[in-house]
Each structure stands twice: as C-alpha cells, then as structure tokens.
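Engineer: Just dropping this structure here.
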Amino acid sequence: VWTDPQSLDPAKRATRVTREVAALLADLAKDLESSKHPPETVARFLMRCLFTMFAEDVGLLPPAMFRDRIEKEWLKEPTLFRDEVRTLWVAMDKGQTFGFTGKLLRFNGGLFKNPVGLDLTRAQLKQLLACAQADWAEVEPSIFGTLLERALSPEERHRLGAHYTPRAYVERLVRPTIEEPLREEWAAVQLIAGKALKSGAAKELKAARKAVVEFHTKLVNTRVLDPACGTGNFLYVAFDLFKRLE
C-alpha cells in the first residue's frame, strides 16, 4: 500500500499483462511469417489461440486445458500440434467433446469456423506456452487490435485499413458521443424512480417501472456504426460501455 500503491490498481495490472502478452505474440507472429505463412493466416491462427487461452482462464473451457496440452503433450511431440489444435477448435465451434475433457461449450461467434492449424516448431510452441502462462483474465481484449497490426505486413495493413488504436484514445471519442448522452437519460430515469420509491404510491411506481423498461429497451436496440472499422476496437469499447451501463 505504502511503497507501490500503483501495483494494486487493476487497470495498471491489466495494461502491464497486456503489453507483455502482446510482445510475446508479436515475436511469435514475426517468427511464423518468416516461415512463409501468409500474414492473414498467421493473424487468424493467433486470434484463435488467444481466445482459447482467454476462455480457459475465465472458466469457459476446463482450467489450463490448452496450456497443459502444450506443456505436457505438444512440446514433447510437436508434430501432433497442427491436427490436434484443429480438432479442439472444431469441437469448440460445434460444442462437441474433446479428448477426455468431456463436452465443450459451443463458441458460435464464427471465430472457429473452418479452423486451420499450423505446424509449429518446439521453439515456437515454447513461445506459445509463455503466452498461455499469462493470466488471460487480466488481459485487455483490445489486444486483438495489437495482434492484427503487428501480424499483418505493411502492404496488407494499408490494404485492409487495419490500424490499432489504444483503448484510452478510443474512449475519448466514444464516451462523449455515445455514453454521456445515454447516462444523462439514465440519470433522468433514476430521478423519476427515486421519487416514486420515496412516495410509495402505486401509480408513481408503475410509471417509474415503465420509464426504466423503456430506457432499457432503447439501450439494447441502439446500434453503433463504425464507418472505418479496422480491428473493431471502437465497437468493442462501445459495447463494453453499453454493458456497464446496463
């Protein structure tokens, strides 16, 4: 508390862990590209790895399932990795069983559709293991943008318009244009609800409940357009702010 208070700040810890993981992933991405894999294939492959590591650390997959397989099986026999990781991602896409872990949850966002495994050397698997050993529950999801920008070559980055913008910069635009107007509306609804609770009158309580439901209906039906969507960080931050408000 007295000698290093910043170490107790969850946001600072998330930033540190995210930077460390981003550096590891960037090194692995460059190494894979040097092995003649197309940049976009590398980016998609690493995104699936990234989400798998996140999923096991937040309880969506069995704890340490991916990390243990790298450490105890794939490092010993790297040739197994390509086909087995693809089998894992197919199971995640369809909600099927995988090995002795039982039936997995179905991840239906499309990320694991038609997955492709890459042949990794033992050294590359060690790099992937170092990433998996991080606490992914602490990692800022905008690392997807970092990964894309670093994984794509300059030519591809220019063609796709992929440019990573850190969250702090994104919030400078998203908060005043999207969040603050909605929070002003919510403050007015809270005022109505607060007065109704104090009075206890049935008619006022009914009106307050209606106002809250109407605000929530508007919130969940509000759409956000990003006309220059590259890595999706503006949309991710907007969605996160919506969920916090909800």
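The values are calculated or read from the model by the stated rules, or taken from the named source; none is laboratory data. Nothing here was measured: the structure is a model prediction, and the numbers come from that model. A quick note on method: Cβ atoms are made from the backbone with ideal geometry, for glycine too, and the neighbour counts reach across all protein chains shown. With ligands, DNA and RNA removed, areas are computed over all heavy atoms of the protein, side chains included. Shrake-Rupley method; radii C 1.70, N 1.55, O 1.52, S 1.80 Å.
Engineer: Using label points projected 7 Å from each Cα along Cα→Cβ, tell me how many nm separate residue 34 and residue 201, to one decimal.
Structural biologist: So the two model labels end up 7.6 nm from each other.
Engineer: What does the charge count around residue 95 come to, taking other residues whose C-beta lies under 11 Å from its C-beta (Lys +1, Arg +1, Asp -1, Glu -1)?
Structural biologist: Details: positive: 94, 103, 106; negative: 93.
In short, +2.
Engineer: For segment 190-202, in order, what is each residue's ³J(HN,Hα) by Karplus, 6.51 cos²θ - 1.76 cosθ + 1.60 with θ = phi - 60°, in whole Hz (x at glycine and Pro)?
Structural biologist: Listing the rounded values in order: 4, 5, 4, 5, x, 5, 5, 5, 5, 6, x, 6, 4 Hz.
Engineer: For segment 1-86, with every protein chain kept in place, what is the accessible area per residue (1.4 Å probe, Å²)? All intermediate terms of the calculation are to be shown ahead of the outcome.
Structural biologist: Working: 4800 Å² over 86 residues.
In whole numbers, segment 1-86 has 56 Å² accessible per residue.
Engineer: Under the rule of -39500 (n - 2.57) per DSSP H run of 4 or more residues, summed and divided by the residues of the chain, what mean residue ellipticity at 222 nm is obtained, to the nearest 500 deg cm²/dmol?
Structural biologist: After summing the helix terms and dividing by the residues of the chain, the value is -19500 deg cm²/dmol.
Engineer: Determine the gain in length on full extension of the stretch residue 58-residue 8; use 0.36 nm per residue of separation and subtract their C-alpha separation, reporting nm with one decimal. Before the final figure, lay out the partial values.
Structural biologist: Values: separation 50, 0.36 × 50 = 18.00 nm, distance 2.04 nm.
Gain in length upon complete extension: 16.0 nm.
Engineer: Kirkwood hydrodynamic radius, the chain, all distinct C-alpha pairs: what's the number in Å? Mind dumping the intermediate values first?
Structural biologist: On the way: mean 1/r = 0.0482 Å⁻¹.
For the chain, inverting the mean 1/r across all distinct Cα pairs yields 20.8 Å.
Engineer: Probe of 1.4 angstrom, ligands and nucleic acids ignored: what's the accessible area per residue over segment 173-229, in square angstrom?
Structural biologist: On the way: 4370 Å² over 57 residues.
Per-residue value: 77 Å².
Engineer: So which of 30/113; 30/76; 94/218; 126/243; 203/243; 36/126 end up more than 26 Å apart by C-alpha? Can you show the working numbers first?
Structural biologist: Values: 30/113 24 Å; 30/76 23 Å; 94/218 33 Å; 126/243 36 Å; 203/243 30 Å; 36/126 20 Å.
Result: 94/218; 126/243; 203/243 exceed 26 Å.
Engineer: May I ask you to give the percent of accessible area on the chain that is carbon plus sulfur, with a probe radius of 1.4 Å? Intermediate results must be reported in sequence, preceding the final value.
Structural biologist: Working: 8160 of 14640 Å².
For the chain, the apolar C and S fraction of the accessible surface comes to 56 percent.
Engineer: Where does helix 39-57 land angle-wise versus the long Cα axis of the chain, in degrees 0 to 90, nearest 10?
Structural biologist: That helix lies at roughly 60 degrees to the long axis.
Engineer: Further question: Give, as a single signed number, the net charge of other residues whose beta carbon lies under 13 Å from the beta carbon of residue 186, with Lys and Arg counted +1 and Asp and Glu -1.
Structural biologist: Working: positive: 183, 218, 244; negative: 179, 180, 184, 185, 214, 246.
So the environment of residue 186 carries a net charge of -3.
Engineer: Calculate, in nm to one decimal, what residue 122 and residue 188 gain on full extension: separation in residues at 0.36 nm each, minus their alpha carbon distance. Display every interim value, and only then the final one.
Structural biologist: Working: separation 66, 0.36 × 66 = 23.76 nm, distance 5.92 nm.
Going from the current span to full extension adds 17.8 nm.
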